[in-house]
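Engineer: Sharing a structure here in structure tokens format.
The values are calculated or read from the model by the stated rules, or taken from the named source; none is laboratory data. Predicted model only: the values in this text are computed from it and were never measured. Here the Cβ is made from the backbone with ideal geometry for all residues, glycine too, and neighbour counts use every protein chain on show. Areas reflect the complete protein model, heavy atoms only, side chains present, ligands, DNA and RNA absent. Shrake-Rupley method; radii C 1.70, N 1.55, O 1.52, S 1.80 Å.
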Amino acid sequence: MDEKQASAAAATGGSQQEKSKENFAGDSVKPTTRTATAYTDTSIVVGQFSQARRGTDPSSSRFTPSLGIAVVDSNRVASTRGNNSSASALSSSKCTSRTLCDAEAEFPPPPTAPLRASRDSKGRESNEKKDTDSVGTKVVSASSGSGAEACSRSSSCQRGRSVSQQRGRSVSQPVGNQLPGAFAIGSTSDIARNDNDDLMTGSTQPSLREITTAELVDPDQENQILERRLQEELERERQNAAVAEVVKESELKTCRWRRVACVVGFVLVALVVALSVSLTRPPKSIETAPPTPAPTYSPPPQEIIDLITPVSFDGGESLMDPTSPQSFAARWLAVNAELASYSDERKLQRYALATFYFSTDGDAWKDKQSWLNDSNECTDWWQSESDGDEDAKLDCDANDAIQLLYVQDNNLKGTLPNEIAFLSNSMFDLRLGDNQIKGKLPSALGVMTRLKALSLQKNNVTGPIPTELGLMSSLEELKLEGNLLTGSIPTEIALRTSLDDLRLNKNKLVGTISQTMIGSLRRLDTFLLQENNFSSTIPTEIGLLSRLKELKLHKNKLVGPMPSEIGLLTLLKDFACHENELTGTLPTEMGQMTALEDELKIGSNNFTGPIPSEFASFTSLGRLRMGDNKLTGTILSTFGLLHPTLNRLELQSNFLTGSIPEELGLLTLLSDLRLHANNLTGTIPSEFTQFTDLKGLNLHNNSFTGTIPSFGSLTRIKDFRAGFNMLTGSIPSSIDRLISLEELAISNNALTGIIPNVLFDSTIFPNLLKVYLYNNSLTGNATCPPHIVDCFLSCFQEGNETCRTLS
């Protein structure tokens with residue numbers, strides 16, 4: 001019976017084994033776990049098989065089978081060897097597990113010979129459990145009887161026995177050195193493939209496996225193999241772990257920098273986004289009271305318009321301009337508390353003052369005390385602080401009509417409005433000098449027929465002088481100096497015969513000095529035309545201005561001779577015509593101007609001839625300035641008669657000859673004597689030592705001889721120049737008394753002796769800055785101290801180019 005079953009099993013097993021190989025080849029990529037089991041009566045050791053054991057490439061069809069281990073109880077096998085019927089009964093028992101039946105099919109129980117046991121079953125079971133647990137096996141207990149019964153009815157068990165018989169291995173036929181209780185080693189690839197089919201059928205019947213002596217090896221050797229493989233596996237895991245650690249550390253470092261970069265980038269992006277949002281997002285509204293709407297322009301009341309328009313100079317057009325001073329003034333007037341009580345004249349007066357205020361930037365005035373209040377303009381505006389102040393004053397008559405308006409040096413800006421003429425009925429004095437008023441003079445000034453004084457000096461007024469000024473019939477004083485006026489003097493000015501003060505100087509006026517104008521303005525006492533560009537002659541009609549006291553024509557381009565009629569100005573106190581191009585001789589009639597007391601300035605022209613002896617009659621003259629002409633002759637000895645008042649005598653840069661009259665020593669009040677650049681000879685008068693108030697003595701570039709007088713008494717002198725003469729002798733020792741000296745120039749003479757070291761003592765001469773002693777025969781070891789700016793002691797001194805050129 002056993003032999004027939006073995007033959008059938010062998011046939012069946014062979015075909016099944018080929019089928020399992022085919023099935024396995026098609027299922028090589030499926031992740032499965034396979035188990036091979038060897039039964040005893042007490043324990044079953046299950047070996048696990050995983051996809052990882054198949055090889056390094058899960059997709060490969062190659063399969064590396066796991067090691068199947070069956071642990072057999074020696075005592076149980078010995079009893080089986082002695083009882084074949086028990087083996088048959090075991091083989092016919094029912095399989096309780098599909099996995100166990102598959103294991104029994106591959107390893108049928110031995111038919112006869114039992115295995116020798118070298119260990120007791122209990123001890124071996126515990127050791128095997130430990131060994132199998134350490135390599136991933138699982139111990140499963142089962143009944144041997146139930147397993148044999150199940151396997152006898154299972155086709156898989158029958159196939160397993162056939163396979164076993166085909167191998168020709170039997171426990172009853174020992175091979176080699178078979179050890180009792182040894183591990184059975186065999187290939188489990190077929191079991192794994194067959195198990196896959198049995199597991200799908202849901203069979204739960206276990207079976208036993210036959211173990212041959214050829215499959216048994218020494219347990220110690222197997223343990224060593226397992227341990228070595230385990231160590232190799234652990235070593236590979238440690239190496240992999242080390243590599244992974246290095247890679248991880250590198251990744252961590254990279255990640256840290258990436259984190260930092262990410263954080264920085266995130267912060268920058270956040271800032272950009274926040275900034276963009278803050279710029280694009282409308283400002284957060286603050287819950288406040290509704291904003292006050294911008295005031296809308298409303299024109300002045302019709303009543304005010306009807307009052308102003310008929311007398312305005314533009315037909316009321318400026319009233320409609322919301323930015324004009326006129327519009328501001330009209331609206332201010334409309335809200336005056338006392339408006340209803342004012343007469344029309346009073347309303348126009350207040351309107352004119354308000355327009356003047358707004359037009360000249362009244363808010364910027366230095367003094368605007370009480371201006372534009374509802375109070376009385378005549379009694380309250382400026383009155384609290386300006387009584388007696390000629391720079392800020394407003395006066396009215398008994399009827400509260402404006403008579404005088406002084407707003408001088410008060411930081412007025414802007415332009416002078418035409419509306420100032422609304423005050424024409426009462427005003428007689430308007431003084432707005434020393435401010436910053438610009439623009440043209442309003443032609444409306446011509447209607448101010450009662451105005452006596454118009455003063456706008458030292459402003460920035462431009463344009464021509466309006467011809468309408470000729471209509472100001474009461475005008476007595478016209479001061480327009482220090483502006484930027486252009487054009488010529490209007491001939492209409494000649495109509496103002498009431499003028500006594502005409503000041504047009506320091507402008508840019510051109511043209512001629514009209515004979516008609518000069519002949520008509522006979523009441524003039526002050527006539528100032530200097531520092532313009534007039535290019536005419538001095539009209540002979542100038543002699544008709546018999547009341548003239550001040551005449552200044554200097555710094556123009558006047559030509560021609562000095563008219564002899566000038567002598568008719570017997571009341572003239574101050575006459576200046578220097579820095580022109582006047583020619584000819586000085587008229588002797590000028591000596592009739594005996595009232596001259598301030599100065600006679602006729603220098604820097606081209607006058608020729610001698611100094612008229614009549615000039616000695618200027619006994620009240622303070623300054624006689626005739627330098628820079630072409631005068632010839634000698635210095636008048638009669639100039640000594642001018643001693644009561646003369647303090648400045650300038651005769652330099654002429655062609656005067658002769659010696660200095662001793663009579664000049666009588667001019668004890670002289671503070672400045674300039675005789676340089678002439679052809680004077682002789683000695684320096686010792687009488688000059690009496691000029692105790694002398695501050696400047698300039699004698700250089702003449703032909704003086706002799707010695708330098710002892711000027712010890714000239715303690716106030718600052719400038720002493722006597723160079724380029726023929727002076728001899730030494731430097732006076734009394735020079736140490738000239739303690740106010742600032743410049744000493746005595747070069748290019750024939751001086752000898754030792755240079756006084758005292759000259760360079762800053763304690764004696766603290767103000768001395770310039771010393772010129774070169775081109776003399778002076779000796780000594782004096783050196784220039786650093787506090788003297790220009791110090792030249794020798795022609796060979798570095799920087800003394802003048803000396804080298806002249807010598």
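Engineer: For the stretch 329-443, what is the accessible area per residue in Å² when the probe is 1.4 Å?
Structural biologist: Dividing the accessible area of the stretch 329-443 by its residue count gives 40 Å².
Engineer: If Lys and Arg each add +1 and Asp and Glu each add -1, what is the summed charge of the other residues whose beta carbon sits under 15 Å from the beta carbon of residue 767?
Structural biologist: Result for the neighbourhood of residue 767: -1.
Engineer: Over all Cα pairs of the stretch 722-776, how is the pair count split among 10 Å bins, expressed in % and running from 0 up to the last occupied bin?
Structural biologist: 24, 56, 19, 0
Engineer: Quick one: of 368/508; 506/573; 347/506; 413/601; 393/573; 413/549, which pairs are farther than 27 Å apart, Cα to Cα?
Structural biologist: From 368/508; 506/573; 347/506; 413/601; 393/573; 413/549, over 27 Å: 368/508; 347/506; 413/601; 393/573; 413/549.
Engineer: Write down the accessible area per residue of the stretch 448-512 in Å², having rolled a 1.4 Å probe over the full set of protein chains.
Structural biologist: Value for the stretch 448-512: 37 Å² per residue.
Engineer: At a temperature of 20 °C and a viscosity of 1.002 mPa s, determine how fast the stretch 634-726 diffuses translationally according to Stokes-Einstein, using the Kirkwood radius over alpha-carbon pairs as Rh; express D in µm²/s, rounded to the nearest whole number. Show your work: numbers first, answer last.
Structural biologist: Working: Rh = 13.0 Å.
For the chosen part, D equals 165 µm²/s.
Engineer: How large is the accessible surface per residue of the stretch 540-698, computed with a 1.4 Å probe and reported in Å² as a whole number?
Structural biologist: Value for the stretch 540-698: 36 Å² per residue.
Engineer: Given points 7 Å out from each Cα along the Cα-Cβ axis, report the residue 269 to residue 710 separation in nanometres with one decimal.
Structural biologist: 10.4
Engineer: Quick one: what Rg and Dmax do you get for the stretch 704-795 from the alpha carbons, in Å?
Structural biologist: Rg then Dmax for the stretch 704-795, in Å: 11.9, 33.
Engineer: Oh, and also: What is the sum of charges around residue 483, taking Lys and Arg as +1, Asp and Glu as -1, for the other residues whose C-beta is under 12 Å from the C-beta of residue 483? Intermediate results must be reported in sequence, preceding the final value.
Structural biologist: Values: positive: 438, 440, 458, 479, 503, 506, 508; negative: 434, 481, 531.
Result for the local shell: +4.
Engineer: Ok, one more. If we count every other residue with Cβ under 9 angstrom of residue 307's Cβ, Lys/Arg +1 and Asp/Glu -1, where does the sum land?
Structural biologist: Taking every Cβ under 9 Å from that of residue 307, the sum is -2.
Engineer: If you don't mind, there's one more thing I want to ask. log10 I(q)/I(0), Debye, Cα-only the stretch 505-558, no solvent, q = 0.18, 0.25 Å⁻¹?
Structural biologist: -0.54, -1.01
Engineer: Quick one: P(r) of the stretch 487-627 from all Cα-Cα pairs, 10 Å bins, percents rounded to integers, in order of increasing distance.
Structural biologist: P(r) for the stretch 487-627, in whole percents per bin: 13, 46, 34, 7, 0.
Engineer: While we're here: Residue 739 versus residue 703, label points 7 Å from Cα toward the beta carbon: distance in nm?
Structural biologist: Distance between the two pseudo-spin positions: 4.1 nm.
Engineer: Can you tell me the FRET efficiency between residue 339 and residue 790 if r is taken as the Cβ-Cβ distance and R0 is 51 Å, rounded to the nearest 0.05?
Structural biologist: After rounding to 0.05, the efficiency reads 0.10.
Engineer: Highest mean first, how do 527-537, 582-592 rank when packing is the count of other Cβ atoms within 10 Å averaged over residues?
Structural biologist: Sorting 527-537, 582-592 by mean packing, highest first, produces 527-537, 582-592.
Engineer: Hey, can you grab everything whose amide H is under 5 Å from the amide H of residue 599? Only 5+ residues off in sequence or another chain; H modelled, so Pro and N-termini drop out.
Structural biologist: Under 5 Å from the amide H of residue 599: 575, 622, 623.
Engineer: Report the FRET efficiency, 1/(1 + (r/R0)^6), for residue 363 and residue 606, where r is their Cβ-Cβ distance and R0 is 45 Å, rounded to 0.05.
Structural biologist: With R0 = 45 Å, the Cβ-Cβ based efficiency is 0.25.
Engineer: Got a number for carbon plus sulfur as a percent of the stretch 651-807's accessible area, 1.4 Å probe?
Structural biologist: Carbon plus sulfur share of accessible area: 50 percent.
Engineer: Along the Cα-to-Cβ line of residue 375, 7 Å from the Cα, sits a label point; which residues in the stretch 351-369 have backbone N less than 16 Å from it?
Structural biologist: From the stretch 351-369, the list is 367-369.
Engineer: Another question, then. Working out 0.36 nm times the residue gap between residue 438 and residue 399, then minus their Cα-Cα distance, what length gain in nm do you get to one decimal? Don't skip to the answer; put the middle values down first.
Structural biologist: Working: separation 39, 0.36 × 39 = 14.04 nm, distance 3.27 nm.
Result: 10.8 nm gained on full extension.
Engineer: Go through the stretch 712-725 residue by residue and turn each phi into a ³J(HN,Hα) via Karplus (6.51, -1.76, 1.60, θ = phi - 60°); whole Hz please, and just put x for glycine and proline.
Structural biologist: In residue order, the calculated couplings are x, 7, 8, 6, 9, 5, 10, 10, 10, 10, 9, x, 6, 10 Hz.
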